[in-house]
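Participant: I have a structure here, written as structure tokens, and I will follow up with some questions on it.
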Amino acid sequence: MGGYGSGGHNKTHSQLENFHRIDSFSFYDFLMADKYLYCKTTVQYPLNRGDIVYHVQSKTALIKVLGVQGSECRYVDLPLSRVPGIDGKSVRMYFHCPYCGRRVRYLYDCHKHYACRKCARLNYASQQKSGMDEMRLKMERIVEKELGYTWWYRDNPDTLIQDLWHVPKPPYMRWEKYDRLLQEFPAASKGL
Ligand SMILES: [Zn+2]
């Protein structure tokens, strides 16, 4: 695969990911890495704008969303599922979307709400004229029309277009054109 998909490009990818979404597996690893977990009442897992507040005794969680400019914080229930691994010992933790209840690994930061990909998309659709949506449409145009990567979502389920980090070069396309389009792509994502 060479240049793209290795080294520096991956770094950008994980930064974008961290910024845009929360990962239930990382959250679980964070809890398990805390050797004093069972001495604590609550644990805070920092988010982009707030925290997940985990209650150790009841094993429940809330999302605390920071208020804007001194307004009150908001708390949203964050239901958790623990799914045993096939070895019978390991556990995988999943979130449930606070809006539709679907069990998911990722929740996306969508206008100060954390929602599953589907609910986040509905929210985007209702904001057709916002700059954010225009950026997303521009990125979809580059990926789907110009680069012909119409199956990007199938290859990257649970991923928003701005988190997409590898777009294969169409065999018929010249490298110069491919590189130029890829340069447009992260430029668009910076607007998000
Ligand atoms: Zn949802």
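No lab work stands behind these numbers, since they all come straight from the coordinates. Keep in mind it's a predicted model, so treat the numbers as computed, not measured. Please note: Cβ atoms are built from the backbone with ideal geometry, for glycine as well, and neighbour counts cover all protein chains shown.
Participant: Once the piece of chain linking D155 and Y38 is laid out straight, how much longer is it, given 0.36 nm per residue of separation minus the C-alpha distance between them?
Facilitator: 38.2 nm
Participant: For region 21-123, what's the relative contact order in percent, using C-alpha pairs closer than 8 Å and at least 6 residues apart?
Facilitator: Result for region 21-123 is 21 percent.
Participant: Which of the peptides 158-164, 25-31, 134-140 is most tightly packed, and how do the rest follow, going by the mean number of other Cβ atoms within 10 Å of each residue?
Facilitator: Per-residue mean Cβ counts within 10 Å order the peptides as 158-164, 134-140, 25-31.
Participant: Kindly rank 99-111, 142-154, 167-179 from highest to lowest mean number of other beta carbons found within 10 Å of each residue.
Facilitator: Descending packing order for the listed peptides: 99-111, 142-154, 167-179.
Participant: Sticking with this structure for a sec: What nm distance separates the two modelled labels at T60 and N48, each placed 7 Å from Cα along Cα→Cβ?
Facilitator: Result for the modelled spin labels: 2.8 nm.
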